[in-house]
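This report concerns only the one structure given below.
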Amino acid sequence: MDHSLEPARGDLRHVELAAAGRSFFEVISELFWKPQRILLYWNWKSAWLSILLRAPIFLAAAAGRGAAAAVSAVLTECFFCALSAGFYGALVQNLRDAEPEWLTVLFLALVVPAVFQVFEFLVHWFRGTPHLKAAAIVSLIVSGISSLFNWYAMRRGALLVGSEGRSFGSDLRRLPGLIVSFIAMLPRWIAAMQKGSAGLLKTRSQKES
């Protein structure tokens with residue numbers, strides 16, 4: 001797996017390389033005590049891509065209730081994505097090189113999207129978005145896959161913000177090739193997560209016995 005990234009520059013170097021080669025739990029602990037790192041790297045690129053991917057889901061869900069309901073659902077999702085996906089992208093950027101890899105992938109693809117999905121559901125429920133359950137399920141699946149892709153792309157120097165980031169146009173030009181290689185890697189990641197989870201459970205059972 002290619003781990004090459006552009007060299008960090010400027011005063012933020014220690015932040016941008018914080019997770020490189022470090023324990024997942026160590027990075028999470030630092031982010032807990034220094035949440036400004038998440039604020040510092042609010043990822044507008046992830047926010048835009050999330051809006052493009054997920055707003056159509058709620059547009060389709062609400063389209064049958066008329067134009068007003070569809071516009072309301074889309075605006076609600078755009079607002080939620082602008083906040084949540086931006087901060088989530090910042091979390092991914094901080095964790096992109098944390099080890100073990102399988103645990104990082106499990107956390108970013110399942111745990112965090114599930115937490116955000118609860119808030120998204122509540123926001124749309126409050127706004128009265130129709131067919132919300134179906135839209136929320138599809139949105140959760142899309143969120144998990146897009147989260148994995150963000151992690152994959154950031155490990156290869158794309159979709160980063162801060163002094164390591166390139167122009168959004170440059171990132172967009174790289175997306176087709178990244179998408180193809182990402183799809184090819186999915187079976188290996190799934191196998192690695194299953195193996196890692198099984199090993200963790202086996203270790204715990206041995207300690208308890």
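Brief remarks on what is shown
- Potential lengthening of the chain between Ser163 and Val180 amounts to 3.4 nm, from the contour at 0.36 nm per residue minus the alpha-carbon distance.
- Percent of C-alpha pairs per 5 Å bin, segment 16-208, short to long: 1, 8, 15, 18, 18, 15, 12, 7, 3, 2, 0, 0
- Compared with the direct C-alpha span, the chain from Leu75 to Lys34 gains 11.6 nm at full extension, assuming 0.36 nm per residue.
- Put in order of Cβ neighbour count within 10 Å, fewest first, the listed residues Arg22, Arg155 become Arg22, Arg155.
- Cα gyration tensor, segment 152-192 - rounded (a/c under 1.5), prolate or oblate: oblate
- Length gained on full extension, Val138 to Arg188, computed as 0.36 nm times the residue gap minus the Cα-Cα distance: 15.6 nm.
- Sorted by Cβ neighbour density within 10 Å, fewest at the top, the residues Lys133, Lys45: Lys133, Lys45
- Estimated distance in nm for a label pair at Leu52 and Leu110, the labels positioned 7 Å out from Cα along Cα-to-Cβ: 3.0
None of the figures in this text is laboratory data; all of them are computed from the coordinates on show. Note that the structure is predicted; figures quoted are calculated from it, not measured. Please note: Cβ atoms are built from the backbone with ideal geometry, for glycine as well, and neighbour counts cover all protein chains shown.
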